[in-house]
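The values are calculated or read from the model by the stated rules, or taken from the named source; none is laboratory data. In this text the structure is predicted, and so the values were computed from the model without any measurement. Ideal geometry is used to build each Cβ from the backbone, glycine not excepted, and the neighbour counts take in all protein chains shown. Remember, those area values only see protein heavy atoms, side chains included, never the ligands or the DNA or RNA. Shrake-Rupley method; radii C 1.70, N 1.55, O 1.52, S 1.80 Å.
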Amino acid sequence: DPGTRIAAVTGLAKSYGAVDAVRGVDLEIRSGEVLGIIGPNGAGKTTLVNMISGLEPPTAGEGEILGVPLGARPHRFAQAGVSRTFQHSKLFERLTVLDNVLVGTHVVSRSTYLRRLAWLPSARRDERRALALAWAQLERVGLADRAGLRPGALSYGDRRRLEIARALAAHPTLLILDEPAAGMNHVEAAELASLIRGLADDGVTVLFIEHNVKMVLEACTRLVVLDFGEVIAQGEPREVASDPRVIEAYLGTE
Ligand code: ATP
C-alpha cells in the first residue's frame, strides 16, 4: 500500500579505517515515494545506498530493508525486491540491448535459454515470461526500437536508460539509482525525471542519488541531504533545497 513503511534503519554507520563515511543515519523509506539523496562529493551517499542494497555490511546500525536485516548477504536483498544501478556503467558490451535487459530477469542470455529449452520444458515458459518482461521494460524506457543493437551504439542517455530497464527487469519493489542523470543533457535529464515519476505511479518505490539538483527537484517527493556522513536536512524537496544549511553545505558550492 502507498505510504507503508518498507524500510527503516537507525544509527547506520560505516567506517573505512579512520574514515567515517556514514555516521549514524536514521532513514525510513515509504512505499510509492521517490526519495532523492543529495550531498557534496564524499558525503557518504554511495556508501549509504551500498548498505541499503546489501553490497556492504554496516559498521553499526540496525534495521530492515523489505524485511531483510542490514548486513545480510546481497542476494537476499535482490530476492526481497531491491534492484539498483551504479554510478559507472556496468553494461555487457557484447550482448544486445535486449539481452542486457534479459540479464536483469536473472537469466543469463537468450542463447542460454535456447540451450536450456532442449532439456527442460518449463524453461520455455520461463523464457516467454522473461522476454515479455524484458520487452516491457525496453518500451517503458523508450528503447524497444533499439533492442537488437549493442550498447556501444547507444547515446549516453540511452545507456543510462538501458541500465534502468535492466534493473526494472528484476521487477523490483525498491529501485535504487546512483546518479542516473550524470552526464545527461537538460532534455535527457527532464525525460529521466518524468520516467522516474512514472515508475512511482506504477508502484515502484525509488531511491536515487543525484547531483543535478534541478532534476532531483523535478523527480523526488522527498529529499534527504547528506553531509560528512550525516543527514543534515530532509523533507519536502523545495523546502529542503531552500534550507540555509543545505545551501551552505552544498548548493552554494554549485
Ligand atoms: P560522490 O558524490 O563523490 O560519489 P559519495 O557521497 O557517494 O561521493 P562515498 O563514495 O560514499 O561518497 O564516500 C564517502 C567517504 O568514504 C569518502 O571519504 C570516500 O573516500 C570514503 N570511501 C568510500 N568507499 C571507500 C572504500 N571502499 N575504502 C575507503 N574509503 C572509502
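If I ask for residues that are within 15 Å of the ligand (Cβ to nearest atom) and open to solvent by 50 Å² or more (accessible area, probe 1.4 Å), which ones from segment 58-88 would you list? T59, F86, Q87, H88, listed by residue number. The selection criterion, being among the charged types (D, E, K, R), open to solvent by 70 Å² or more (accessible area, probe 1.4 Å) and under 21 Å from R160 (Cβ atoms), holds for R94. Select from segment 2-37 the residues that are within 15 Å of D178 (Cβ to Cβ) and out of contact with any helix residue (DSSP H, G or I) (no Cβ under 6 Å at 6 or more places or on another chain) and list them in ascending order. Of everything in segment 2-37, just one residue is within 15 Å of D178 (Cβ to Cβ) and out of contact with any helix residue (DSSP H, G or I) (no Cβ under 6 Å at 6 or more places or on another chain), namely L35. Summed over segment 164-195, residues that are under 11 Å from V101 (Cβ atoms) and open to solvent by 10 Å² or more (accessible area, probe 1.4 Å) total 2.
Using beta carbons and a limit of 8 Å, which pairs, at least six apart or on different chains, have the first residue in segment 224-250 and within 15 Å of the ligand (Cβ to nearest atom) and open to solvent by 50 Å² or more (accessible area, probe 1.4 Å) and the second one hydrophobic (A, V, I, L, M, F, W, C) and outside any strand (DSSP E or B)? Qualifying pairs under 8 Å: F228/A43.
Of the residues in segment 179-199, at least one is on the phi > 0 side of the Ramachandran plot and touching a residue at least 12 places away in the same chain (Cβ under 8 Å). Name the residue that is modelled with the lowest pLDDT, counting only residues in segment 167-215 that are within 16 Å of the ligand (Cβ to nearest atom) and in a helix (DSSP H, G or I). It comes out as V213. Within segment 35-57, residues that are near the ligand (Cβ under 6 Å from one of its atoms) and open to solvent by less than 10 Å² (accessible area, probe 1.4 Å) have Cβ atoms under 9 Å from residues that are assigned to a helix (DSSP H, G or I) and at pLDDT below 95 in these pairs: G39/A249; A43/A249, counting only partners at least 6 apart in sequence or on another chain. Counting residues in segment 114-130 that are modelled with pLDDT of 85 or more, out of contact with any helix residue (DSSP H, G or I) (no Cβ under 8 Å at 6 or more places or on another chain) and in a helix (DSSP H, G or I) gives zero. Within segment 7-34, restricting attention to residues that are under 25 Å from T173 (Cβ atoms) and within 14 Å of the ligand (Cβ to nearest atom), the residue that is most open to solvent (accessible area, probe 1.4 Å) is K14.
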